[in-house]
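A short reminder: the numbers here are calculations on the coordinates, not readings from a lab. What you are looking at is a predicted structure, and each value in this text was computed from that prediction instead of being measured.
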């Protein structure tokens with residue numbers, strides 16, 4: 001027996017409001033996915049991901065690519081609305097650096 005499902009129309013374009021907490025969750029997810037790439041293959045794997053068609057990607061590449069596109073769009077809209085800021089982050093050895101707890 002067939003079931004009914006709902007999905008976006010082919011020409012749909014949805015604006016989504018995102019707060020900083022959600023943005024940070026998506027960034028965290030991108031880092032989590034990135035950590036699952038074998039250490040010696042990270043640069044090659046990411047470059048390959050950006051050059052492949054979505055249908056040809058493995059599951060990790062699809063996830064990483066999807067999250068990267070979402071982050072890029074959030075950042076693009078944030079910059080356009082003047083809601084994006086850059087800040088300096090001190091590194092170990094910098095004057096005033098405090099080890100995170």
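Observations
- Cα-based helix-to-principal-axis angle, 20-35 vs the chain, degrees rounded to 10: 90
- Among 90, 29, 60, residue whose mean-square fluctuation peaks in a GNM of the chain (springs only between Cα atoms under 10 Å): 90
- Springs join every pair of Cα atoms under 10 Å in this Gaussian network model of the chain, and among 73, 88, 39 the largest mean-square fluctuation is at 88.
- Anisotropy class of the chain from Cα gyration tensor, a/c 1.5 cut: oblate
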